[in-house]
Amino acid sequence: MHSRHHHVRRRQSNHLEPVNPLSQPKRRQPSVGGFIFGLCLVFVVSSIVGAAQTQNPTQNPLPFEVSNPQNKKWPPAEARRIYSSACQLLARTIRPDKPPELHPQFRLVLGTENDEFVRNGSRVEVHLRSWQPEIFAQAVVAIAVRDLLQADQLQKVAHQSVMLANATVDAHDLR
């Protein structure tokens, strides 16, 4: 049975022994191998942390291009998170059982006159006057949807949409 002031520690003989939680734990004598392992572990962890802190943008590029000629202030880390979240949510919305991997390619252009989505042939640009997370997310989703559907599929869906709209009758038109 447990008492309020004692914990139970299992010995190798499977015999339960009450232990006072305020008593000092028995210390093992450190081994040379354990000491070396500890030093190696500290070195590896500090190397990883140091590399992560000193990493420059060219080592971990954004999944899209950026043009910022007016040096507008914007958060690249937030943009990366929004891009990733938008792609994941869209993929799960389209195919919940087996979401496709989405990696829309585009150029973010900051400091433009208008907020707009520009497609010139195969080149796609998102123009923003200043950083706006909501508009950026909408653009990522729009570009990813366009990437999911080939041009002929997009035209087919558009055509079927018009045909369906023309095939339905509004109740007000029946009077």
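Find the all-direction average of the projected area of the Cα convex hull for the range 65-166, expressing the result in square nanometres with one decimal place.
Directional mean of the projected Cα hull area for the range 65-166 stands at 7.9 nm².
Separation between the THR93 and ASN166 pseudo-spin-labels, each 7 Å from Cα along Cα→Cβ, expressed in nm? In this crude spin-label approximation the distance works out to 2.9 nm. Computed packing ranks the peptides 107-120, 124-137, 159-172, 66-79 as 124-137, 107-120, 66-79, 159-172, most packed first, by mean other Cβ atoms within 10 Å.
Assuming 0.36 nm per residue, please report the length gained on full extension of the stretch SER67 to ASN120 beyond their Cα-Cα distance. Spell out each step's value before the answer.
Details: separation 53, 0.36 × 53 = 19.08 nm, distance 1.62 nm.
Stretched out fully, the SER67 to ASN120 stretch lengthens by 17.5 nm.
Straight-line cross-link partners of LYS73 among the aspartates and glutamates, defined as a Cα under 17 Å from its Cα and at least 8 positions apart when in the same chain: GLU65, GLU113, ASP115, GLU134.
Bear in mind these aren't lab numbers, they're just calculated from the coordinates by the rules spelled out. All of these numbers come straight from a predicted model, not from anything done at the bench. We place every Cβ from the backbone using ideal geometry, glycine too, and count neighbours over all the protein chains shown.
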